[in-house]
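Before any comments, here is the structure.
The values are calculated or read from the model by the stated rules, or taken from the named source; none is laboratory data. Not measured: the values here are computed from a predicted model. Here the Cβ positions follow ideal geometry from the backbone for every residue, glycine too, while neighbour counts run over all protein chains shown. Please note that ligands, DNA and RNA were not included when accessible areas were found on the heavy atoms of the full protein model with its side chains. Shrake-Rupley method; radii C 1.70, N 1.55, O 1.52, S 1.80 Å.
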Amino acid sequence: MTTEQVIHVVDDDLPFLTALELTLGTTGLEVRTYSSAEAFLDVFDSQQPGCLITDLRMPGTDGLALQKILKELHVRLPIIFISGHGNARTAVTALKGGAVDFLEKPFSEKDLLASVQLALDKDTDDRRLTQERNLVLQRFMHLSPREQQVFALVVSDLPNKKIARQLMISPRTVEHHREHLMLKMQAHSTAELITMAVLCGIHELHL
């Protein structure tokens, strides 16, 4: 997988697509253009970092339909919608679906580049979080079944004595398991262990 970010642009208006490509070329990143959502889906690599700019209204698969397809494929590529026929309801639908921004034509080069930077930053953060989550999950899967049980109870803020009673083991054994899981998870504190539990999906934060 290459780590170089790519800006993907989908629009059936070819002159406008060319203009976008020229403008986005000033970022110094690779810009790939497609005249339809289908053309994009045929060659898109979900492992490729970057973002997607797509027109809202297009023949065949439109922008919202493309957003839905990517979501069903579990692709979290940040999307910027552009449209010359936008309305508040459509914009809300797009943003609720996870879009980074919704730009109505005509828009300025400044606004476009600002939205692209926001989308690229989000993609970087999302991929870093996914990598961290996968690493934590790998460590969690290497815990023994008993250590996994202790893990779930420790992050629930239960003292060792209550954990011992619930698991019908001694508090000293609980402490032994706790030390081992902290070592295996590479956690330096209970707070860090709670963060890892959230990433693993075995604990929810209550704010």
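The figures follow:
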quantity	calculated
Computed [θ] at 222 nm, deg cm²/dmol, the chain (DSSP H ≥ 4; -39,500 (n - 2.57); rounded to nearest 500)	-17500 deg cm²/dmol
Rg/Rh for the chain, where both radii come from Cα atoms and Rh is the Kirkwood radius	1.16
Over the chain, relative contact order from alpha-carbon pairs under 8 Å, at least 6 apart, %	14
Distribution of pairwise C-alpha distances over region 115-207, 5 Å bins, in %	3, 13, 23, 21, 15, 9, 6, 4, 3, 2, 1, 0
Cα Rg, Dmax, region 155-206, angstrom units	11.4, 29
Gain on full stretching of the segment that runs from HIS180 to THR27 - 0.36 nm per residue minus C-alpha separation	50.3 nm
Sites VAL43 and HIS142, calculated FRET efficiency, Cβ-Cβ separation with R0 41 Å, nearest 0.05	0.65
Spin-label pair HIS188/LYS122, simplified geometry with 7 Å Cα→Cβ offset, distance in nm	3.2
Relative contact order of region 80-139, defined on C-alpha pairs under 8 angstrom at six or more residues apart (%)	33
Förster radius 45 Å - calculated FRET efficiency between ALA19 and THR130 (Cβ-Cβ, nearest 0.05)	0.85
Kirkwood-based shape ratio for region 24-65, expressed as Rg/Rh from alpha carbons	0.97
Translational diffusion of region 1-96, µm² s⁻¹ [Kirkwood Rh, Cα pairs; Stokes-Einstein; 10 °C; 1.306 mPa s]	116
q = 0.13 Å⁻¹: log10 I(q)/I(0) that the Debye formula gives for region 81-138, counting C-alpha atoms only	-0.46
Cross-link pairs beyond the 27 Å C-alpha cut-off, checked among LYS96/LYS184; LYS71/LYS105; LYS71/LYS184; LYS71/LYS122	LYS96/LYS184; LYS71/LYS184
Percent carbon-and-sulfur accessible area, the chain, ignoring ligands, DNA and RNA, probe 1.4 Å	54
Distance (nanometres) between label positions extended 7 Å along Cα→Cβ at GLU104 and ARG165	6.2
Extension gain from LEU158 to VAL75, taking 0.36 nm per residue of separation minus the Cα-Cα distance	26.2 nm
